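Asks: The structure is given below, and queries will be raised subsequently.
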Amino acid sequence: MIPISICIIGKNEAQHIKNCLSPLTAYPFEIVYVDTGSGDNTKELASGCGAKIYDFTWIDDFSAVRNFAMEKASHDTVLFLDCDEYLKELDADALYKLAEEHGDGVGRLLRNNYFEANGTPTNYPDRVERLFSRKHFHYTGIIHEQVVTRKDDSPLYERYDLPLTVDHAGYNDPEIMRKKAERNNELLFRELKKKPEDPYLYFQIGQSYNAIRDYENAYMNYKKSFALPLDPYEPWVQIMATAYLNALNHTGRSREAVRFFEPIYAHFADDANFYCSMGNAYLNLHPPKPLNAMAEYLKALQCPTARETGANTFIPYYNIGLVNEMLGQTDTALTFYQRAADLDFAPAKEKLEELTK
């Protein structure tokens, strides 16, 4: 069983750090906490959970501090967590086995991102790359840092899924999200001046705007990213495809969305959220294409990744209900509205009340 060091970076995280670290103490991990200038008692709380504490003077570079944390770890295999990520599920034996079997790869944990959609608390899970050997990998990029190979700074490597799930508490406060987006974009725009043809930077700028629901600026930056050479099968490009679709739909550009994505559909058609967003684009057309939309929502329900992406919940059920209502199939619409309502989706409950008066 190869030893693993958990590396965590933070500043003024007193509200999160115990929730993050306490569950980890049940496992034989080394915990390395690097503080970038806290004015609260974050370091004391982390130390109380058995973490080894190190200080790093902040230099506006997230990769620098992550690489510093790796250097301070006692073990070559490292697992990065954020302070607002709390352990939910872990099969430790399987984790150690996978880390040993995939020493040349990067493990992806499952992260549950909680937020509110249409008045309904919901969850958007995603896979993020966090476990690897520091002998083979390091971080690059001053913000939204990427794991790359030490040999040639390549993002091309084996990726595998970890039996590890965390709950992400960082999306719950709109004001915190706004401040984070402003901070992130300040760094990203600074980096963009040095690398104006880097599509990844435009993607991350778009993500910052998307997080605060500034869909117009998100759209403009996703569009700039897609206009540059990129590999559609890179994980971040797959994420951007759905985000771009959503931004197009939110800004009244669903016709542009259909024109853009239909020719390259096959590159992204293995994700439930992409299917749902494509269905929304068809439904938003003037005139709408309800049968095309229905096909996309049904694909979302059948998608193997639906459980992890969170789309196989109330969204496709509700939208299939909408399509059936548009087509005059009221009984079928009620069936799907009920399925969405059973998952506590408020608009579906309203539809049921409206149609059964």
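No lab work stands behind these numbers, since they all come straight from the coordinates. Every value quoted in this text rests on a predicted model; they were computed, and no experiment measured them. Quick reminder, even Gly has a Cβ in these numbers, built from the backbone with ideal geometry, and neighbours come from all protein chains shown.
Asks: Once you put a point 7 Å from the Cα of Q338 and another 7 Å from the Cα of T251, both along the Cβ direction, what distance in nm separates them?
Replies: Here the answer is 4.2 nm between the modelled labels.
Asks: Return Y318, Y124 ranked ascending by Cβ neighbour count within 10 Å, so the fewest neighbours appear first.
Replies: Least to most surrounded, the residues fall as Y124, Y318.
Asks: Right, here's the next one. Between T313, T77, T332, find the one with the highest GNM mean-square fluctuation for the chain; connect C-alpha pairs within less than 10 Å.
Replies: Fluctuation is largest for T332.
Asks: While we're here: Could you give the dipole magnitude of the stretch 4-168 about its Cα centre, charging the beta-carbon of Lys and Arg +1 and that of Asp and Glu -1, in debye to the nearest 20?
Replies: Computed charge dipole of the stretch 4-168: roughly 200 debye.
Asks: Continuing with the same structure: Counting only C-alpha contacts under 8 Å and six or more residues apart, can you give the relative contact order of the stretch 174-355 as a whole percent?
Replies: With pairs under 8 Å counted, the relative contact order is 12 percent.
Asks: Express in nm, to one decimal, how much length is gained between E101 and D152 on full extension, taking 0.36 nm for each residue of separation and deducting their alpha carbon distance.
Replies: Taking 0.36 nm per residue and subtracting the Cα distance, the gain is 16.1 nm.
Asks: Rounded to the nearest 0.05, what FRET efficiency do S47 and Q15 have when you use their Cβ-Cβ distance and R0 = 25 Å?
Replies: So the FRET efficiency works out to roughly 0.90.
Asks: Where a Cα-Cα gap under 25 Å defines reach, which lysines qualify for K351, not counting those fewer than 8 residues away within the same chain?
Replies: K289, K299
Asks: Sticking with this one: Would you list K193, K179 from fewest to most Cβ contacts within 10 Å?
Replies: The most exposed by this proxy come first: K193, K179.
Asks: Moving to a separate point now. Antiparallel versus total DSSP beta bridges in the stretch 1-123: what percent is that, nearest 5?
Replies: Expressed as a percentage, antiparallel bridges in the stretch 1-123 total about 20.
Asks: Work out how much length F115 to E350 would gain on full extension: take 0.36 nm times their residue separation and subtract the Cα-Cα distance, in nm to one decimal.
Replies: Net length gain for the segment: 82.5 nm.
Asks: Give me the number: length gained by fully extending L327 to E216, i.e. 0.36 nm times residue separation minus the C-alpha to C-alpha distance, one decimal in nm.
Replies: The L327-E216 span can extend by a further 36.8 nm.
Asks: Still on this structure, please answer the following. Over the chain, what is the relative contact order in whole percent, taking alpha-carbon pairs under 8 Å and six or more residues apart?
Replies: RCO, the chain: 11 percent.
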